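Everything on this sheet refers to the single structure shown next.
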Amino acid sequence: MSAAPRIYQVAVPTPLYRAFDYLATVSLVPGARVQVPFGRREMIGVVLGEVAQSELPASRLKAITQPLDAGAILPPPILALLRWAADYYHHPLGEVIHTALPVRLRKGRAPVVGGVKVWMLTHEGKAVDPQTLKRAPAQKHMLEALAAAAEGLNAEQLAKVSQRSAAALKALRSKGWVSSHQRDSPPVTNGNLPSAPELNPGQKSAVTAIVAKLDGFHPFLLHGVTGSGKTEVYLNVIEQVLAQGRQALVLVPEISLTPQLVVRFERRFRAPIAVLHSGLNEQERLSAWVRASAGRAPIVLGTRSAVFTPLKNTGVIVVDEEHDASYKQQDGFRYSARDVAVMRAAREKIPIILGSATPSLESLKNARQRTYTLIELPERTGSAVMPQVRLLDMRRLKPSEGLSLPLREALADRLKKGEQSILFLNRRGFSPVWMCFDCGWVAPCKRCDAQLTLHQKKQKLLCHHCGAEQEVAQRCPSCRGENLHPLGEGTERVEGALEKFFPQARIERIDRDSTARRGALEEKLRRVHEGEADILVGTQMLSKGHDFPNVTLVGILNADQGLYGTDFRSSERLFQLIMQVSGRAGRADKPGEVLIQTWHPDHPLFAALQRHDFHGFAEFALNERRETGYPPYSHLALLRAESPTPGAALEFLQEARTLAVRLSPGEGVQILQPMAAPMERRAGRYRAQLLVQSNQRAPLHEFLGQWVRQLAEAKFSKKVRWSLDVDPAEMY
Ligand code: ADP
Ligand code: ZN
Ligand code: ZN
């Protein structure tokens, strides 16, 4: 006799704002995956719960195809967090859940940890004296590296041992000195266990304050300049959390999840940590996720989406560089991992540490209102002092290929002393404009309202907005003249100029183009660390996470970009960026110097930078926000639309506005007028946006909930691609 089927609500990844009911004869728990028929397809959904009744008659309900998990793959707290996020960001729950799962789980695969292949020395191998391999240096290096690695080395680690790793490994195997084994987590990178430095008084009181609050929700804003020892504070707090048998979740921006950081954590705790970032393959990601959720990884270190990783017993959350823009997902489910992390800590009743040298104004305001506890680390550790900041007034200095004379002299001085320099330029390629000097024509992208960037090594004009590629026009299409030239500098051009000015210098360029190949960035960073480079030129890839002790000069080439930007956050971002880049200079015992080339040396932002005065800048910026009514003094939501048809996006937004007004949102909710996006056409689509502003959160969200559901159903919405962005980070 079979039991009567029960009705379950299932979240399915569709853009619809609702769950779906299915029948099942087996008992299912919330958070378990099921395969279900959906339209003409089969999909993987997640059970939300059992319901007594469906809105549909029982005869129309379909049965699940099969259950996929015996237990909850998303435990109740995570499922509840995802529901909260779907509500807050007004995004369909099915898609939110989908985003939170590793790809393999989305596809219905089993949550198993895949094996990691490692290589170890055999008995015979251990007995070999490396000196006997003097004539085969690659084999000798590998033998030594393996001898030092008690847990073996995986392919990636082996590849770093020498250029000829593959051949050396083959040779050692054929001699029977090396064999492979399966492990369920990557081996801890070998090396000496560095002793933890003795904390300075500031760090000590920071750790004490946080550790005193381990048993409840408590948000801390840890403000400390680069090199002030924030990471050391995290490590000490985590040590205490692990001692309680609990886990730590550490979030870092995409760009700063460097191998050095992972190694620093691993060596400190002698524990395999679960690393989650976009560079992993599907199985690696799944393995890390499973080890985290089973409680087998004491520390989970990851980028944005790791905030949704289930842990068995979370004890603390750390969000490093909390101001970083990469915490905000910019498409699909547009959440802020930092904000979700704070909500997660509140729900799980644990402390959270938001760390930054330049906290976001949102977090700073929370700290000033004592919603967050502010902890300051005002000084750099040890003997390191803050770098001296000098402004180079470009109204009077004539740059040559973007480099002013004082900057070139400073570079020459560092070369002479054998110290390293960094030049920062937020623009890749050779030059941002390819122009006819006879008639003023500039090469445009055919699909965007933007100019093409010249990439000289590739001999192509590229669009940095849509990726389009064109041949470099040698004849002006407007006046038929041949007087075409590049205007302005990108990193590629500056690299060339440096080679010309300093032929003896070793130069490394670090930007998206020069590091596209897998492993290229690591190799470049290694050369910098080992003193095989004199000058680094690069984009903001340089600004974070790297610690270059021998860098004593930082030059900022085009600081003014952003001073008067269209986004209300431009100057905040500029300040953060320059502080971060400056933080690379003079970290150890050598004092550093920062030279900023600017056409606006009187701007108050620079005065604050020269004094390393974050609070002075914040005061100025917060006042500006208060006067203009922007966040953190208001809450925003942005409805965006785009369409290949000119005018269609604006038309949609007009209709959406009419609908919004009819919903008569609560007091204080303002619906502004639709506007074309600052760069209206991108990749052949015309884009527009409608801003909703409110001084209170609750009425805003009540209104948004109704509005977005009606928009999803409305006929006029079908003509465009649209999305709602709650707390938008960028206003384009
Ligand atoms: P942040 O995260 O603020 O940039 P880190 O924690 O990375 O700072 O510290 C910067 C450098 O100073 C690191 O090399 C670290 O090992 C070292 N350091 C941190 N705290 C101390 C300390 N109390 N004594 C000596 N060195 C320290
Ligand atoms: Zn011309
Ligand atoms: Zn384009």
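A short reminder: the numbers here are calculations on the coordinates, not readings from a lab. Only a predicted model underlies this, so the values are computations on that prediction, with no experimental measurement involved. Ideal geometry is used to build each Cβ from the backbone, glycine not excepted, and the neighbour counts take in all protein chains shown.
Would you mind computing the Rg to Rh ratio of the stretch 40-177 from its alpha-carbon coordinates, Kirkwood style for Rh? Result for the stretch 40-177 is an Rg/Rh of 1.30. Under 5 Å between amide hydrogens, built in the peptide plane, is the criterion, and for Phe502 it picks out nothing among residues at least 5 positions away or on other chains. Across the stretch 700-731, no residue has a backbone nitrogen under 18 Å from the label position 7 Å along the beta-carbon direction of Leu56. Expressed as a fraction of 2.2 N^0.38 Å, the value expected for a compact globular protein of N residues, the C-alpha radius of gyration of the stretch 522-589 is 1.23. The fewest-to-most ranking of Tyr686, Tyr17, Tyr732, Tyr8 by surrounding Cβ atoms within 10 Å reads Tyr732, Tyr17, Tyr686, Tyr8. Converting phi to 3J(HN,Hα) with the Karplus coefficients 6.51, -1.76 and 1.60 and the offset θ = phi - 60°, the stretch 494-500 yields 5, 4, x, 4, 5, 4, 6 Hz in sequence order, with x at every glycine or proline.
Max-minus-min Cα coordinates of the chain on each principal axis give 86, 75, 56 Å, with the largest extent listed first. For the stretch 6-106, the Cα-based Rg and Dmax, in that order, read 12.6, 35 Å. Computing Rg and the Kirkwood Rh from the Cα coordinates of the stretch 232-369 gives a ratio, Rg/Rh, of 0.94.
Structural size metrics of the stretch 550-622, computed from C-alpha coordinates, are Rg and Dmax of 12.4, 40 Å. Volume per residue for the stretch 154-293 equals 159 cubic angstrom (convex hull of Cα atoms). This ranking places Lys458, Lys349, Lys140 by how few other beta-carbon atoms lie within 10 Å of each, fewest first, which gives Lys349, Lys458, Lys140. By other beta-carbon atoms within 10 Å, ranking Glu42, Glu642, Glu322 with the fewest at the front produces Glu42, Glu642, Glu322.
In the stretch 601-644, what trypsin sites (Lys or Arg not before Pro) fall in a loop by DSSP, with at most 16 other Cβ atoms inside 10 Å? The partial results should precede the final answer.
Numbers: sites: Arg611, Arg625, Arg626, Arg640; in loops: Arg611.
In loop regions of the stretch 601-644 (DSSP not H, G, I, E or B), the sparsely surrounded trypsin sites (Lys or Arg not before Pro) are Arg611.
Mind checking Rg over Rh on the stretch 116-183, alpha carbons, Kirkwood formula for Rh? Ratio of gyration radius to Kirkwood radius: 0.92.
List the equivalent ellipsoid semi-axes of the stretch 605-732 in whole Å, largest first, each obtained as the square root of 5λ for an eigenvalue λ of the Cα gyration tensor. Can you show the working numbers first?
Values: eigenvalues 196, 79, 19 Å².
Those come to 31, 20, 10 Å.
Partner lysines whose Cα lies under 22 Å from the Cα of Lys117, excluding those fewer than 8 positions away in the same chain, are identified as Lys126, Lys140, Lys160, Lys170, Lys175.
Summing charges over all other residues whose Cβ lies under 12 Å from the Cβ of Gln66, with Lys and Arg as +1 and Asp and Glu as -1, gives -1.
Applying both filters, DSSP loop and at most 14 other Cβ atoms within 10 Å, to the GluC sites (Glu not before Pro) of the stretch 408-494 gives Glu471, Glu482. Centre-to-centre, using Cα atoms only, the stretch 694-732 and the stretch 383-451 are separated by 41 Å.
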